[in-house]
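S.K.: One structure coming up, written as structure tokens, with questions to follow.
The values are calculated or read from the model by the stated rules, or taken from the named source; none is laboratory data. Just so it is clear, the model here is predicted, and its values are computed rather than measured. With ideal geometry, Cβ positions are generated from the backbone for all residues, glycine too; neighbour counts draw on all protein chains shown. Note: areas computed on protein heavy atoms with side chains; ligands, DNA, RNA excluded. Shrake-Rupley method; radii C 1.70, N 1.55, O 1.52, S 1.80 Å.
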Amino acid sequence: MGKINVLEHPLIQHKISLMRDKNTGSKEFRELTAEVALLMTYEATRRLPLKEVEIETPVAIARTNIITGRKVALIPILRAGLGMVEGAVSLIPAAKVGHVGICRNSDRDNHKSGCVDEYYCKLPFDIKERDVIVMDLMLASGNSASAAISKVKETGAMSIKFISVIACPEGVRKLQEEHPDIEVYTGALDEGLNDDLYIVPGFGDGGDRIFGTK
Ligand code: URA
């Protein structure tokens, strides 16, 4: 069963509270998204392997650690996941960034039964050799996240994590059923979905809040 990590760092909690406020405008919401994404990426990369090397300081030879092995690929789910890229890339500038575009199926009943439409997919050619972090602002029904992870798995990539600023039990359950090998990182596990499939209490439409489209 994939582990669920609810990140309780005070900075993450504080910034998510500001994001929840309906009076927070899109400029601030976007900045907060980037900051939370940076902190979450820090947590999600906690176990990257290290190797010891010798470095000559101005004073002496230091035996010290550097990250070894696989490089990182960041895969935001369009569109709200895009808001998380800036923060993650500021921490891992050498990361490659792929994109998966997934939208709710226009047929609402299909959506409830798990159908989504993929309209775009461009992944790094060497993704199989990378540690992959799939990211979306919210883990709601889990349909988009599950479909995006399936696309990444089709490439043969084995090391995949999923991060979302907030999540709810429905989405977590979906990922645990369909991708039990994936570790999930989130800043909050909310109550659940309402009839319009919004996370409660959540922070409304994540894409609209980041891009100011409403
Ligand atoms: N997508 C959103 O933008 N908001 C939600 O609450 C759920 C899914």
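S.K.: Of the heavy-atom accessible surface of the chain (probe 1.4 angstrom), what whole percent is carbon and sulfur?
M.R.: Of the solvent-accessible surface of the chain, carbon and sulfur hold 52 percent.
S.K.: Next up: Tell me which residues come under 5 Å, amide H to amide H, from GLY202 once H is placed; ignore anything under 5 positions away on its chain.
M.R.: HN-HN under 5 Å from GLY202: GLU191.
S.K.: Taking Cα pairs under 8 Å and at least six residues apart, what relative contact order does the chain come out at, in percent?
M.R.: For the chain, the relative contact order is 25 percent.
S.K.: Could you order peptides 168-174, 23-29 by the average number of other Cβ atoms within 10 Å of their residues, highest first?
M.R.: Packing proxy ranking, top to bottom: 168-174, 23-29.
S.K.: Which percentage, to the nearest 5, of the DSSP beta bridges contained in region 75-214 is antiparallel?
M.R.: Bridges in region 75-214 are about 35 percent antiparallel.
S.K.: Over the chain, give the accessible area per residue in Å² for a 1.4 Å probe, as an integer.
M.R.: 51
S.K.: Let me ask something additional. For region 158-171, just list the computed ³J(HN,Hα) in residue order, Karplus coefficients 6.51, -1.76 and 1.60, θ = phi - 60°, integers in Hz, with x standing in for Gly and Pro.
M.R.: Once rounded to whole Hz, the list reads 10, 9, 10, 10, 10, 10, 9, 5, 10, 9, 9, x, 4, x.
S.K.: When all protein chains stay in place, what accessible area (Å², nearest 10, 1.4 Å probe) is found for TYR198?
M.R.: 80
S.K.: Any chance you could get the radius of gyration and Dmax over the Cα atoms of the chain, in Å?
M.R.: For the chain, the Cα radius of gyration and maximum Cα-Cα distance read 17.8, 68 Å.
S.K.: Looking at region 1-113, I'd like the Rg to Rh ratio, where Rg is from alpha-carbon atoms and Rh is Kirkwood's inverse mean 1/r.
M.R.: 1.10
S.K.: Could you pull the accessible area for ASP208 with a 1.4 Å probe, rounded to 10 Å²?
M.R.: That residue has around 30 Å² of solvent-accessible surface.
S.K.: Let me ask another. Heavy-atom accessible area of PHE203 with all protein chains present, probe 1.4 Å, nearest 10 Å²?
M.R.: Counting only protein heavy atoms, the figure is 10 Å².
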